[in-house]
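Okay, so here's the structure we're looking at.
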Amino acid sequence: MSELQINTTQNVKITFNASGAGERLLAFIIDMAIKIGYMLMLNWTFGVYDNMDQWSQIAINTILSFPVMFYSLALESLLQGQTIGKKALNIRVVKIDGYQMSFSDYVVRWFFRIADIYILGLGFFVMLFNKKTQRIGDMAAGTAVIGLKDSVNMSHTILEHLKDNYKPTYPNVIKLSDNDARIIKETFITAKASKDYTTLIKLRTKIMQVIGLKDIRERSDMEFIDVILKDYNFYTQNM
């Protein structure tokens with residue numbers, strides 16, 4: 001299993017283990033078993049059509065086959081780069097340039113599955129001889145599949161854990177840059193660990209000056225800075 005270094009948008013280099021070809025093949029087999037099981041269930045349930053012409057049968061079969069056709073595209077885009085097979089193997093698709101994957105990236109990967117798997121079958125062999133274990137679709141989309149067994153410390157980036165129902169407080173945080181957010185987080189972590197309240201006060205004051213916020217003391221310095229970082233992540237991840 002080779003190492004894959006991703007340079008995030010905050011210029012932080014994170015090292016992952018690229019998923020091996022064997023892991024990806026096993027994940028593919030799990031996903032394929034799910035698809036086959038679905039098709040067998042359809043055949044058993046809708047296999048007999050009474051008083052229906054051939055073209056109508058083809059049309060119905062095509063519609064019912066959509067979940068199989070779009071299985072990978074739908075799940076990867078909804079589950080942040082994972083299918084059921086990938087989740088079982090604890091692997092995920094990511095952008096190698098550090099940016100968040102867009103729907104178009106998933107579409108490119110899905111489209112090239114036709115060549116990688118169903119027509120030429122070259123995907124597996126390409127992965128064997130590629131140090132990033134990329135198939136043709138990964139190369140086209142600028143993605144790779146990584147193992148998640150080695151977790152990344154969130155404190156090394158500007159990323160914050162946000163709840164699904166998180167509601168931001170300060171929309172003015174979009175005036176900050178990624179570099180501003182990185183400096184704020186690094187200073188915040190250091191000052192909080194050493195209980196340097198003077199630095200926290202100065203940091204709060206500076207943030208309020210930059211984003212044009214009035215001095216409202218409804219939160220402590222720590223709470224305020226923590227919310228600022230979470231709000232910044234919320235707005236930049238949803239823009």
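The values are calculated or read from the model by the stated rules, or taken from the named source; none is laboratory data. Quantities reported herein were computed from a predicted structural model and do not represent experimental measurements. With ideal geometry, Cβ positions are generated from the backbone for all residues, glycine too; neighbour counts draw on all protein chains shown. Heavy atoms of the whole protein, side chains included, go into the accessibility calculation; ligands, DNA and RNA do not. Shrake-Rupley method; radii C 1.70, N 1.55, O 1.52, S 1.80 Å.
Highest mean first, what order results for 89-97, 121-129, 68-76 on Cβ atoms within 10 Å? List each step's numbers first, then the result.
Details: 89-97: 20.0, 121-129: 15.0, 68-76: 17.2.
Per-residue mean Cβ counts within 10 Å order the peptides as 89-97, 68-76, 121-129.
Determine which lysines satisfy two conditions relative to K202: a Cα distance under 21 Å, and not lying fewer than 8 residues away in the same chain.
List returned: K175, K185, K192, K214, K230.
Could you provide, to the nearest whole Å², the per residue accessible area of the range 51-137 with probe 1.4 Å? Don't skip to the answer; put the middle values down first.
Values: 5180 Å² over 87 residues.
On a per-residue basis, the range 51-137 sits at 60 Å².
Could you tally the net charge around Q80, taking each other residue with its Cβ under 11 Å from the Cβ of Q80, Lys/Arg +1 and Asp/Glu -1?
Numbers: positive: K86, K87, R92; negative: E76.
Taking every other residue near Q80 into account, the sum is +2.
Let me check I've understood the local charge: for R109, count other residues with C-beta under 13 angstrom from its C-beta, Lys and Arg +1, Asp and Glu -1. What total comes out?
Values: positive: R24, K86, R92, K95, R113, R135; negative: E76, D105, D116, D138.
Net charge around R109: +2.
Would you tally the net charge around I30, using a Cβ to Cβ cut-off of less than 13 Å, leaving I30 out, and scoring K and R as +1, D and E as -1? Each step should come with its number before you reach the end.
On the way: positive: R24, K35, K86, K87; negative: E23, D31.
Cβ neighbours under 13 Å give a net charge of +2.
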